[in-house]
Amino acid sequence: MLEVRGLNVAYGESQVLWDVSLDVPAGSVVCLMGRNGVGKTTLLKSIMGLLPTRSGRVAFDGTDLGGRRPEERAGCGIGYVPQGREIFPNLTVQENLRMGLLGSRRNGHGGGDPLEHVFELFPKLQTLLGRKGGVLSGGEQQQLAIARVLLARPKLLLMDEPTEGIQPSVIDQIEEAIERIKGQGISVLLVEQYLEFAWRLASAYAIMRKGTIVSRGSTKDLREDMVRQHLTV
């Protein structure tokens, strides 16, 4: 489904990604791991078209995305839940969700009431519709951020640190939601530092170090000595 080949990305004269290649097969969850500052968020933003690339190729469903703007990539079926959630703090939960519905209408997707689908995943949101996003807890904001993207009915979901700063009970809800998302055939590229969470969800992993992929494979083959080598200080 997603193919990244030889991707090179720089901020000005400082190169961040070096010949990165990565695959996310249809219906799978792939976890992208690595220490802070190694380029994981940069890779997600590059896939989404939020950052220009120096060279390389990003293809989705066999279509080269080179030169396509972020909204065009979203229209192709890529959803992005950024680190820090980036909901609209001065809009209500309902208004935030309406922003996701705009994407759904643009793509012409049908199949029932999309709000009902996200309320099944995150029932708490239905009780918060009139509350402004900025006053929600971190866990509630994360649920809102995921729900808003799902309303556009993506085929691929890019998730950047969804458990960061969230209480354990909400982490369990997010894990269950991702399992159900996977069951609906949506692929997920997950950036995550909480390794047990990633291991439970992902079938494959890739580890980044200094802007390049240094290890990849099935999560069942990921050993603790590899984690210590690449992920601990």
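Straight-line reach from K124: taking Cα to Cα under 22 Å and skipping same-chain neighbours fewer than 8 places apart, the lysines in range are K132, K182. Here D19 and E86 are evaluated by their C-beta separation; at R0 = 22 Å the FRET efficiency comes out at 0.15. Subtracting the Cα-Cα distance of S169 and V135 from 0.36 nm times their residue separation leaves 10.3 nm of extension gain.
Taking amide H as placed 1.01 Å from N in the peptide plane, L157 has its amide H under 5 Å from the amide H of G79, S187, V188, L189, each at least 5 places away in sequence or on another chain.
Of all lysines in the structure, the ones whose alpha carbon falls short of 28 Å from that of K210, not counting any fewer than 8 places away in one chain, are K40, K45, K220. Label zone of A26 (point 7 Å out along Cα→Cβ, amide N under 13 Å): in the range 166-188 this covers 185-187. Taking 7 Å steps out from each Cα toward its Cβ at L50 and A10 produces label points 2.3 nm apart. Taking packing as the residue-averaged number of other Cβ atoms within 10 angstrom, the listed peptides 151-158, 129-136 run from highest to lowest as 151-158, 129-136.
Shape class of the range 130-232 from the Cα gyration tensor (axes a ≥ b ≥ c, square roots of the eigenvalues): prolate, since a/c reaches 1.5 or more and a/b is larger than b/c.
Just so you know, all these numbers are worked out from the coordinates, no wet-lab data involved. Worth saying up front: this structure is predicted, and the values here are computed from it rather than measured. Cβ sites come from the backbone with ideal geometry, for glycine too, and all protein chains shown count toward neighbours.
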